Amino acid sequence: MARIRVLVVDDHRIFAESLAAALAAEPDVDVSAAGSGPAALRALERAAAEGRGYDVLLVDAELGALTSGEPPAVPAPRQEETAAVDGIALVAGVRAARPAVRSVVLAEKDDPRAAARALQAGASGWVAKDCSLQRLLSVIRGVLRDETHLPPALLTGVLRELTAARKHRTDSERLVESLTPREREVLRCMVAGLGRKAVAERLFLSPHTVRTHMQNVLGKLGVHSTLAAVALARRAGVGPADPGTGALGRDVVERGGQLAQ
């Protein structure tokens, strides 16, 4: 019998232990628990190194928001390992690093916006925490068949949120397309968190020229701050500049306001 390896990620100990025990009673399920995002990532790395990677993550939608003082499901020994990582961020990170792993978000309440964000991050399902065990097992097995599972009551709201997000992305993409290649390069440096001096050194430009490019970027994007420009760029799918080379991947420098190759 093919066994399904499940990792429960929840910082509420009682819930995590109860769910893990219920799933472990199934003959075809192996289950472990992690009490934080960093602990889950370590468990994934360890399992992959041992050649027995997890198939499904069950992730608390409110991961990292524990405020009741209840001890985490799986305590981590070092402070940096207990840093809060929210559930959606964990889903996105796992999707990027381990695309074969399916993520299902467990939520205490229906939230179309959060569910849409989870799907955009790469989740394959959104399930109520108080659903039946049989329902949860059905979702687990379904996502392994590349199915996407949402409660029917959430479907309309999620579709509305995804449509709105797509419109915002399209508008943002149109604005980014209005930039010159050099301005896009500067924008990618801004997304990477580089300040004016660092951008100047990176692109072999004078600080004054970089300042002019940044002002042009803000003006064309219709925003008034670097943070707003970076947020818009992210919506448009603009990533940070690659390390070590110009963001466009070619040796282009600007001297005296003129482009030279």
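The values are calculated or read from the model by the stated rules, or taken from the named source; none is laboratory data. Note that the structure is a prediction, hence the values are computed from the model and not measured. Here the Cβ positions follow ideal geometry from the backbone for every residue, glycine too, while neighbour counts run over all protein chains shown. Accessible surface is based on the protein model in full, side chains and every heavy atom, while ligands, DNA and RNA are left aside. Shrake-Rupley method; radii C 1.70, N 1.55, O 1.52, S 1.80 Å.
Find the percent of Cα-Cα distances in region 86-186 that exceed 20 Å, and round it to a whole number.
48
Sticking to Cα atoms, compute the Rg of region 160-232 to one decimal and its Dmax as the biggest Cα-Cα distance, whole number, in Å.
13.1, 46
Net charge near residue 86, counting Lys/Arg +1 and Asp/Glu -1 over other residues with Cβ under 15 Å of its Cβ?
Residues near residue 86 contribute -3 overall.
Taking the simple approach of a point 7 Å from Cα along Cα-to-Cβ for both residue 208 and residue 2, what is their distance in nm?
6.6
Find out how many positive minus negative residues lie around residue 23, taking Lys and Arg as positive, Asp and Glu as negative, among other residues whose Cβ is under 13 Å from that of residue 23.
Its environment carries a net charge of -2.
Distance between Cα centroids, region 1-39 to region 99-148: provide it in whole Å.
Here the answer is 15 Å between Cα centres.
By accessible area of protein heavy atoms, probe 1.4 Å, what ranking do 208, 12, 224 get, highest first?
From most accessible down to least: 224, 208, 12.
Just add up the charged neighbours of residue 122: K/R +1, D/E -1, any other residue whose Cβ is under 12 Å from the Cβ of residue 122.
In short, +4.
Want the number for residue 128 to residue 25: 0.36 nm per residue separation, take away the alpha-carbon distance, what's left?
Result for the pair: 35.0 nm of gain on full extension.
Cα-based Rg of region 100-144 per 2.2 N^0.38 Å, rounded to two decimals?
Relative to the 2.2 N^0.38 Å estimate, region 100-144 comes out at 1.10.
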